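See below for the structure under consideration.
The values are calculated or read from the model by the stated rules, or taken from the named source; none is laboratory data. Just so we're clear, the structure is a prediction, and the values are computed from it rather than from any experiment. Counting neighbours? That spans all protein chains shown, and the Cβs are built from the backbone with ideal geometry, glycine included. What goes into the accessible areas is simple: the full protein's heavy atoms, side chains included, and nothing from ligands, DNA or RNA. Shrake-Rupley method; radii C 1.70, N 1.55, O 1.52, S 1.80 Å.
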Amino acid sequence: MSENREEVLADFQACTGIEDVGEAIYHLEESNWDLLGAINRVMPQETQTLPSEMDVDVEMIEEVKREPTNSDKADPDVTVISCIGSDCPLPFQLPVSVSADVIPLPSTSQSETNTRLLQFHIHFKDKMAQLQIPDTGTVGDLKQMIMGQLGIPTCQQELGGWKQYPTSDSSTLASLNLPRENILFVTIPEIMEDGELPTEESNIAERLTQSYTLNIRDESQQKDYNLKFLGSKTVLEVKTDVYTLTDIPVRHQVWNGWPPQLKNDKTTLACSGIRHPVHELTVKRAPISAHPVKENKKIIVDLADSDNSSVEEFEDASETFNEDDIFVDVETKRMQPLIPDNVEDETAGCIHFADQFTNRYGDCHPEFFPGSLDEAVKEACSKPAKDRRLLAVYLHHDASVLTNVFCTQLLGFESVLQCLNNHFVVWGWDLTHESNKLKFLGSVTRTLGSVAAMTIRNIDVERLPALLVIMRMRSSTEIFTVVHGNVGVTRELVKREQDAAYQESLEADRAKEEAKRHQELLETKEKERIEIQRQEVELIKEAHRLEVKSQLPEEPEEGDGDGITKIRFRLPKGECLVRRFQATAPLKILLDFLVVQGYPSNEFKVISSWPRRDLTLLDSKLTLQELKLYPQETVILEER
């Protein structure tokens, strides 16, 4: 509905000349989006005269006199048109002896009383034409009448303003449920290089059968493709085939080189305005947004306008995005099939096959023919006898266990490779997907016959991959022999490869186990060395502590007189230790006491509070009284 309203709005603005979108929508809303009603609302009745204002009885009157209006007299480009004489493309005949200002109608028999005569007001740029056609006619008949009067080829006519848009030119007007009076607008792409439109339909028919070569540059992967298409191929079909080659979905393709007037992907190449016979194009992948859209949006997919990519596009659409969404690089993919499922174009599938074969197995492989099977047969077998070569058709299947060895060892073997390249035309196809297998069998049936197709159909997956050798024998082209993937040399190579892989895996496991044991042994020895070294250090410390303890004087009693000082030690973990010393005792006695308690001077500082100083750095022969550690003092132990 939203798309129909957009078209009604565009048609309304084109007819009335109202450029203000708000004003145009106001008139359409007031008329419930009825185009004729809205036009009648804004245009005075005296400035227009529609055929409905005439007194016409389709069943009784064969000719109707149309009185020219003031607007007709003022505009010489307004023409009253009817289908007259034997040249009329419609399935009925009208009299030719009619004056120029008379609009003849077909006579209506009793059996045709249900047929309605539809009137169309056709607008093209600054011209207008009026047509009458019964609703038994088709959209194609209407386009034929437009071409006869305005010189616009039918393949270029894009008609807007329909109440219900037709699905094809073969749709009957009765099936569209059209009112008696209709206003349509003709738009065309300005396609010709000289700016002029072809005036004869025969020119268009000729262009539809011509072959167009599109030189397409893939800027994302820096690859060039030379593709040939008939002029009847649509732009959308070309883009879909390019998706098969480049893995860039149609919705992500950014093109350069298409004519700027081209707006509709359903336009054929013949009518698109590209150069003949060769046209240059470039394509690349559209940049991916790095940030999600936070607002919730409903995704609407127009299945009518989306070709084979519709399902793929719908599945790719997400309904909502949150801040916790994880975005994955679309280029990170699993191993790609040699030919995608449901490939449309055989030539595009073969080119994709060759590219993916190189990506998967490397450059050492036969040169695959880039064309259809029919073209490969002609290239190999349809030339003069001295120029003929054998055709080798390589059939691939990813489910076969022999595929990897066949592709890397047999097809990549130097002598086999030279033989194939010198004496064969090699053509490849992937049978992994059932749809592609059916497409290949259909092509074989058309090219080689049903017997050849039956031979291929009977090849089991276990016997794939296979090489079909095709040659010209007498007057027919037939399959000469089939080299299956399970031949003795291939099986022997598979066995050798499996044995070598097993031995390699076994040796790797043994090496890992040996390295693990060796590492554990080194770690154990290192731990033992460190433990022994630690015990030796502890023994040395304990011996030194016991020696110092044996030389340390006894702690004086509290009542031994005034020559006693009381020292409080604040230990690193917050505990406190108190001891009395003789005031005349040297500093060494205090430090030896700390050694006995497990706080040697080489590991701990002994800090006096005032003045702040490290006692371990002072002369150990000075007395405690000289150091002003009398009659009492608090010292702090800090780890170095």
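The residue that is modelled with the lowest pLDDT, among those in region 551-563 that are on the phi < 0 side of the Ramachandran plot and open to solvent by less than 90 Å² (accessible area, probe 1.4 Å), is Gly559. Considering (1) assigned to a helix (DSSP H, G or I); (2) surrounded by fewer than 20 Cβ atoms within 10 Å (Cβ to Cβ), the lone condition that Val401 does not fulfil carries the number (1). Would you confirm, using the coordinates I've provided, whether Arg446 is farther than 19 Å from Val401 by Cα, touching a helix residue (DSSP H, G or I) at 6+ places or on another chain (Cβ under 6 Å) and open to solvent by 50 Å² or more (accessible area, probe 1.4 Å)? Taking the combined requirement at face value, the residue does not satisfy it. Restricting attention to region 15-24, which residues are surrounded by fewer than 16 Cβ atoms within 10 Å (Cβ to Cβ) and either under 26 Å from Phe120 (Cβ atoms) or in contact with a strand residue (DSSP E or B) (Cβ under 9 Å, 6 or more places away or on another chain) (or both)? If the condition is that a residue be surrounded by fewer than 16 Cβ atoms within 10 Å (Cβ to Cβ) and either under 26 Å from Phe120 (Cβ atoms) or in contact with a strand residue (DSSP E or B) (Cβ under 9 Å, 6 or more places away or on another chain) (or both), then Gly17, Glu19 are the ones that fit. Within region 564-578, the residues that satisfy the criterion of being without any contact (Cβ under 8 Å) to a residue 40 or more places away in the chain and open to solvent by 60 Å² or more (accessible area, probe 1.4 Å) are Lys573, Glu575, Cys576, Val578. One residue stands out among those in region 355-379 that are among the small types (Gly, Ala, Ser) and at pLDDT 90 or above: the one that is nearest to Gly442 (Cα to Cα), which is Ser372. Each residue in region 399-436 was checked for being more than 33 Å from the chain's Cα centre (by Cα) and in contact (Cβ under 8 Å) with a residue 40 or more places away in the chain, and 7 pass.
Only one of Glu557, Glu531, Glu547, Glu536 is assigned to a loop (DSSP other than H, G, I, E, B) and either under 22 Å from Gln632 (Cα atoms) or out of contact with any strand residue (DSSP E or B) (no Cβ under 6 Å at 6 or more places or on another chain) (or both); which?
One residue alone meets the criteria, Glu557.
Could you tell me whether Val537 is open to solvent by less than 100 Å² (accessible area, probe 1.4 Å) and touching a residue at least 60 places away in the same chain (Cβ under 8 Å)?
Numbers: open to solvent by less than 100 Å² (accessible area, probe 1.4 Å): yes; touching a residue at least 60 places away in the same chain (Cβ under 8 Å): no.
In short, no.
Listed here are the residues, each with its yes/no results for (1) touching a Ser or Thr at 6+ places or on another chain (Cβ under 9 Å); (2) more than 24 Å from Lys378 (Cβ to Cβ); (3) surrounded by fewer than 12 Cβ atoms within 10 Å (Cβ to Cβ).
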site: Leu410; (1), (2), (3): yes, yes, no
site: Glu414; (1), (2), (3): no, yes, yes
site: Arg463; (1), (2), (3): yes, yes, no
site: Arg496; (1), (2), (3): no, yes, no
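Across region 611-640, the number of residues qualifying as in contact (Cβ under 8 Å) with a residue 40 or more places away in the chain, surrounded by fewer than 17 Cβ atoms within 10 Å (Cβ to Cβ) and out of contact with any Lys or Arg (no Cβ under 9 Å at 6 or more places or on another chain) comes to 1. Considering only residues of region 128-147 that are small (Gly, Ala, Ser) and not in a helix (DSSP H, G or I), which is farthest from Thr16 (Cα to Cα)? That would be Gly137. Is region 194-201 home to any residue that is closer than 30 Å to Pro287 by Cα and modelled with pLDDT under 85? The answer is no; no qualifying residue exists.
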